[in-house]
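Here the structure comes first, spelled out in structure tokens, and everything after it is commentary.
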Amino acid sequence: MSEDLLRYDILIQDALRGAVKKILAEVGRTGLPGDHHFYIAFDTNAPGVRISQRLKERYPQEMTIVLQHQFWDLAIGEHAFEVGLSFGGVPEKLLVPFSAIKGFFDPSVQFALEFDPGKTAEELPEELLEAVEELAKAEQEHADNESDKPGDGDGAEAATADKADAEQVVAKAVESDGGGEVVSLDAFRKKT
């Protein structure tokens, strides 16, 4: 048997992740049509994943989110999506790289995709990984300062400012289209 030098398995995984990206982008533009809703499972330890420490402690390996009735600020980027959800009445923002997705399921039409996280040819941009790391540090500093006894507030204000700066960098990375260009297939067709 021949060795698969083209890595069809990775090509197919990336193509299917692209389908999830297109589905989420359409929902971000127009909302959920009909009875459609999604269960999205992802690896909480994958590079670029941003969830609160509270959620990380509760879901140390894998987490499944539901996009149905109560989600907000769905933003689709070149490499990740960001969404607001409520967990136990506490609003949270999550950033999930498409490469971290383990499963996508729409029970309204029994459509399911399964992925092997990390099995992708796509690499996350360094600035996205750095921004997520900065944001995690800023959130930790903010949490540490909140738990400290109230003082002059300078430390809490600095941590809040650092967190806001890091959130802006992450938002830019999510909203960035990566400089890609959409090309029509007609451009490659032979003219007669």
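Suppose we filter segment 29-51 for residues that are under 12 Å from the mean Cα position of the chain (by Cα) and in a strand (DSSP E or B); how many remain? Break it down into steps so the answer makes sense when it comes.
Here is the first cut: in segment 29-51, the ones under 12 Å from the mean Cα position of the chain (by Cα) are 40-44, 46-51.
Those left that are additionally in a strand (DSSP E or B): 40-43, 50.
So the answer is 5.
Applying the selection to segment 39-68, what residues are under 9 Å from VAL96 (Cβ atoms) and in contact (Cβ under 8 Å) with a residue 60 or more places away in the chain?
Passing the criteria: ILE40, PHE42, ALA46, GLY48, VAL49, ARG50.
Hey, among the residues in segment 58-85 that are hydrophobic (A, V, I, L, M, F, W, C) and touching a helix residue (DSSP H, G or I) at 6+ places or on another chain (Cβ under 8 Å), which one's surrounded by the most Cβ atoms within 10 Å (Cβ to Cβ)?
Initial filter on segment 58-85 (hydrophobic (A, V, I, L, M, F, W, C)): 63, 65-67, 71-72, 74-76, 80-81, 83, 85.
Right, trim to touching a helix residue (DSSP H, G or I) at 6+ places or on another chain (Cβ under 8 Å) and you get 63, 67, 74-76, 80-81.
Working: MET63: 21, LEU67: 19, LEU74: 18, ALA75: 18, ILE76: 22, ALA80: 26, PHE81: 23.
Filtering segment 58-85 for residues that are hydrophobic (A, V, I, L, M, F, W, C) and touching a helix residue (DSSP H, G or I) at 6+ places or on another chain (Cβ under 8 Å), the one surrounded by the most Cβ atoms within 10 Å (Cβ to Cβ) comes out as ALA80.
Out of the residues in segment 2-13 that are assigned to a helix (DSSP H, G or I) and open to solvent by 80 Å² or more (accessible area, probe 1.4 Å), which is nearest to GLY88 (Cα to Cα)? Working first, answer last.
Applying the first criterion (assigned to a helix (DSSP H, G or I)) to segment 2-13 yields 8-13.
Narrowing the set further to residues that are open to solvent by 80 Å² or more (accessible area, probe 1.4 Å) leaves 8, 11-12.
Values: TYR8: 41, LEU11: 38, ILE12: 37 Å.
Here the residue is ILE12.
Please tell me if GLU114 is of a type in the set (D, E, K, R), farther than 19 Å from GLY31 by Cα, modelled with pLDDT of 90 or more and open to solvent by 70 Å² or more (accessible area, probe 1.4 Å). Before the answer, list the steps.
Numbers: of a type in the set (D, E, K, R): yes; farther than 19 Å from GLY31 by Cα: yes; modelled with pLDDT of 90 or more: yes; open to solvent by 70 Å² or more (accessible area, probe 1.4 Å): yes.
Yes, satisfied.
Please enumerate the residues belonging to segment 69-91 that are touching a residue at least 60 places away in the same chain (Cβ under 8 Å) and assigned to a loop (DSSP other than H, G, I, E, B).
Step one: of segment 69-91, the residues touching a residue at least 60 places away in the same chain (Cβ under 8 Å) are 75-82.
Answer for segment 69-91, where residues must be touching a residue at least 60 places away in the same chain (Cβ under 8 Å) and assigned to a loop (DSSP other than H, G, I, E, B): GLY77, GLU78, HIS79.
Between PHE38, PHE42, which is surrounded by 17 or more Cβ atoms within 10 Å (Cβ to Cβ), in contact with an Asp or Glu (Cβ under 6 Å, 6 or more places away or on another chain) and modelled with pLDDT of 90 or more?
On the way: PHE42 fails: in contact with an Asp or Glu (Cβ under 6 Å, 6 or more places away or on another chain).
From the options PHE38, PHE42, the qualifying one is PHE38.
Which residues, counting only those in segment 1-28, are charged (D, E, K, R) and within 20 Å of the chain's Cα centre (by Cα)?
Taking segment 1-28 as the starting set, the residues that turn out to be charged (D, E, K, R) are 3-4, 7, 9, 14, 17, 21-22, 26.
Answer for segment 1-28, where residues must be charged (D, E, K, R) and within 20 Å of the chain's Cα centre (by Cα): ASP14, ARG17, LYS21, LYS22, GLU26.
Could you say whether any residue in segment 14-27 is open to solvent by 30 Å² or more (accessible area, probe 1.4 Å), of a type in the set (Gly, Ala, Ser) and not in a loop (DSSP other than H, G, I, E, B)? Step through it out loud before you land on a result.
Step one: of segment 14-27, the residues open to solvent by 30 Å² or more (accessible area, probe 1.4 Å) are 14-16, 19, 21-23, 26.
Of the ones still in play, those that are also of a type in the set (Gly, Ala, Ser) are 15, 19.
Within this subset, residues satisfying the condition of being not in a loop (DSSP other than H, G, I, E, B) are 15, 19.
Checked segment 14-27: at least one residue is open to solvent by 30 Å² or more (accessible area, probe 1.4 Å), of a type in the set (Gly, Ala, Ser) and not in a loop (DSSP other than H, G, I, E, B).
The values are calculated or read from the model by the stated rules, or taken from the named source; none is laboratory data. Fair warning: this is a prediction, and the values are worked out from it, not measured in the lab. Glycine also receives a Cβ, built like all others from the backbone with ideal geometry; neighbour counts cover every protein chain displayed. Only protein heavy atoms, including side chains, enter the accessible area calculation; ligands, DNA and RNA are left aside. Shrake-Rupley method; radii C 1.70, N 1.55, O 1.52, S 1.80 Å.
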